[in-house]
Amino acid sequence: MPQPQDDTPPSSDFRIDDLIVRGIRPDDAEGLTDVLNLPGVRLGTLRQPFQSVACTRQYIEGLLRSDIVVAAEWRGRILGNAGLHAKSGRQKHVATLGIGIHDDFVGKGIGSRLLAALIEAAENWHDIHRIDLTVFTDNTAAVHLYEKFGFEIEGTLRNYAFRNGTYADSYLMARLR
């Protein structure tokens, strides 16, 4: 059976200087859904397979004013996104991080650009003191990225999620300003 053509430019043409980091928009739903459904992105997150564009659009439209969500755009294509989701009440100084990068563009600096933009916004515009996240223990590239930005492992969450037919452990990591 023929496979559909992917019109994403090859990652060999990628230059980080051409990447645009900007706020997420409702019209990003289709491109973001394409990224979120990639096997590598799904493996590194808690996302279910076969996420619909409607589900992604609903997520974007339901973001709170306190959420900071950015997209990585290159040549008109969404290559990833990242977000900080602020907590409330006595934890209003805390936000939880989520990030996803197109499988073909991992390791090219996109995660660093997204994370730098979020940390700058969190510290200089939102008074967020603590950013936390969970990351699967076997996602060494992500762990190294987070450590590069000052995140530390605070604990291991055993059997945290059912993934690929088995239970997987995650680290709880956090960065304090």
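The values are calculated or read from the model by the stated rules, or taken from the named source; none is laboratory data. Remember, predicted model here, so these are calculated numbers, not experimental data. Ideal geometry is used to build each Cβ from the backbone, glycine not excepted, and the neighbour counts take in all protein chains shown. Accessible surface is based on the protein model in full, side chains and every heavy atom, while ligands, DNA and RNA are left aside. Shrake-Rupley method; radii C 1.70, N 1.55, O 1.52, S 1.80 Å.
Looking at Leu43, Leu64, just one residue is hydrophobic (A, V, I, L, M, F, W, C) and more than 25 Å from Glu147 (Cα to Cα), and that residue is Leu64.
How do the pairs read when you match residues in segment 1-20 that are open to solvent by less than 100 Å² (accessible area, probe 1.4 Å) with residues anywhere that are at pLDDT 90 or above and part of a loop (DSSP other than H, G, I, E, B), using Cβ under 8 Å and keeping only pairs 6 or more apart or on different chains? The qualifying pairs are Thr8/His102; Pro9/Arg75; Ser11/Lys108; Phe14/Lys108; Ile16/Lys108; Ile16/Gly109; Asp18/Arg75; Leu19/Gly109. Taken together, Leu157, Leu145, Leu133 contain a single residue that is surrounded by 13 or more Cβ atoms within 10 Å (Cβ to Cβ) and either in contact (Cβ under 8 Å) with a residue 40 or more places away in the chain or in contact with a Lys or Arg (Cβ under 6 Å, 6 or more places away or on another chain) (or both), which is Leu133. Residue pairs whose Cβ atoms lie under 9 Å apart, sitting 6 or more positions apart in sequence or on different chains, and linking a residue in segment 88-101 that is open to solvent by 30 Å² or more (accessible area, probe 1.4 Å) to a partner that is basic (Lys, Arg) and assigned to a strand (DSSP E or B), are Gln91/Arg130; His93/Arg130. The strands (runs of 3 or more DSSP E) found wholly in segment 110-177 and carrying at least 1 residues that are small (Gly, Ala, Ser) and over 25 Å from Arg90 (Cβ atoms) occupy 152-163, 166-176. Scanning segment 41-61 for residues that are open to solvent by less than 50 Å² (accessible area, probe 1.4 Å) and within 15 Å of Gly23 (Cβ to Cβ) gives a single hit, Ile60.
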